[in-house]
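Comments concern the structure below.
The values are calculated or read from the model by the stated rules, or taken from the named source; none is laboratory data. Note that this is a predicted model, so its numbers are computed, not measured. Positions of Cβ are generated from backbone atoms using ideal geometry, with glycine treated the same way; all protein chains shown enter the neighbour counts. To get the accessible areas, we keep the full protein, side chains included, count just its heavy atoms, and leave off ligands, DNA and RNA. Shrake-Rupley method; radii C 1.70, N 1.55, O 1.52, S 1.80 Å.
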Amino acid sequence: MDIAGKVFIVTGGASGLGEGTARMFVREGGKVVIADLQAERGLAVAAELGTDKAAFVRCDVSQEADARAAVAKATTMGKLMGLVNCAGIGPAAKTVGKDGAHALDLFTKVVTINLIGSFNMIRLASFAMVSAGPNAADSARPRTRAGESPAHAS
Ligand SMILES: NC(=O)c1ccc[n+]([C@@H]2O[C@H](COP(=O)([O-])OP(=O)(O)OC[C@H]3O[C@@H](n4cnc5c(N)ncnc54)[C@H](O)[C@@H]3O)[C@@H](O)[C@H]2O)c1
């Protein structure tokens, strides 16, 4: 895909893998929405990349309203053509440690952010991309399997 001029959402874009991905999109001529919890860092990265190329949206990926706001922002910047889910947490704990069994709320938190949050972003970004239709210039559109658009996938 030709990245130039297209818009991408990068969750977790304020740090680490996501920040690197956001920088890569802008380096290749694309635009990014940095969707992250860390406002100070996300705003700084967006400012460095340029306000015409990058925007920060404070977003908890597991929250419907936050995810919708990130997608809405992206659609104001141009044609949304992709989502990269980098937001996540990876706390380490033993199933049985010296203090007893693994805390269930910790496991629930990881699944809520890493799994449910990722799917929350995927479903809303995909809906926006499919609704917008193919790119007039190069017919590029999101695909699930070769030759098949999500709207027609079974
Ligand atoms: N870096 C690696 O080598 C590596 C390897 C395997 C897996 N991972 C996983 O990939 C993910 C990203 O790794 P990283 O190294 O970039 O981590 P990181 O901590 O540098 O970045 C993660 C970003 O996600 C954001 N975030 C956390 N919870 C969020 C939420 N609910 N909504 C929105 N943003 C949220 C954080 O604010 C942070 O900016 C993590 O889940 C990590 O466990 C990383």
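Observations, loosely collected:
- Selection within the stretch 5-28 - near the ligand (Cβ under 10 Å from one of its atoms), open to solvent by 20 Å² or more (accessible area, probe 1.4 Å) and touching a helix residue (DSSP H, G or I) at 6+ places or on another chain (Cβ under 7 Å): Ser15, Glu19
- Output for the stretch 96-136, where each listed residue is outside any helix (DSSP H, G or I) and open to solvent by 40 Å² or more (accessible area, probe 1.4 Å): Val96, Lys98, Asp99, Ala101, His102, Ala103, Pro134, Ala136
- Per-region count, the stretch 94-139, residues within 16 Å of the ligand (Cβ to nearest atom) and farther than 21 Å from Leu37 by Cβ: 0
- Residue pairs meeting the criteria (Cβ under 7 Å; at least 6 apart or on separate chains; first touching a residue at least 60 places away in the same chain (Cβ under 8 Å), in the stretch 5-33; second of a type in the set (Gly, Ala, Ser) and surrounded by fewer than 17 Cβ atoms within 10 Å (Cβ to Cβ)): Gly5/Gly29; Gly5/Gly78; Lys6/Gly78; Val7/Gly78
- Residue that is farthest from the chain's Cα centre (by Cα) [pool: residues in the stretch 37-95 that are of a type in the set (S, T, N, Q) and open to solvent by 60 Å² or more (accessible area, probe 1.4 Å)]: Thr95
- Taken over the stretch 29-69, the residue count meeting the criterion of being hydroxyl-bearing (Ser, Thr, Tyr) and more than 14 Å from the ligand (Cβ to nearest atom) is 1.
- The set of residues in the stretch 11-53 being of a type in the set (Val, Ile, Thr) and part of a loop (DSSP other than H, G, I, E, B) consists of Thr51 alone.
- Flag for Leu124 being touching a strand residue (DSSP E or B) at 6+ places or on another chain (Cβ under 8 Å) and either modelled with pLDDT of 95 or more or of a type in the set (Gly, Ala, Ser) (or both): no
- Failed criterion for Asp2 (all others in (1) within 26 Å of Ser131 (Cα to Cα); (2) touching a residue at least 60 places away in the same chain (Cβ under 8 Å); (3) surrounded by 15 or more Cβ atoms within 10 Å (Cβ to Cβ) hold): (3)
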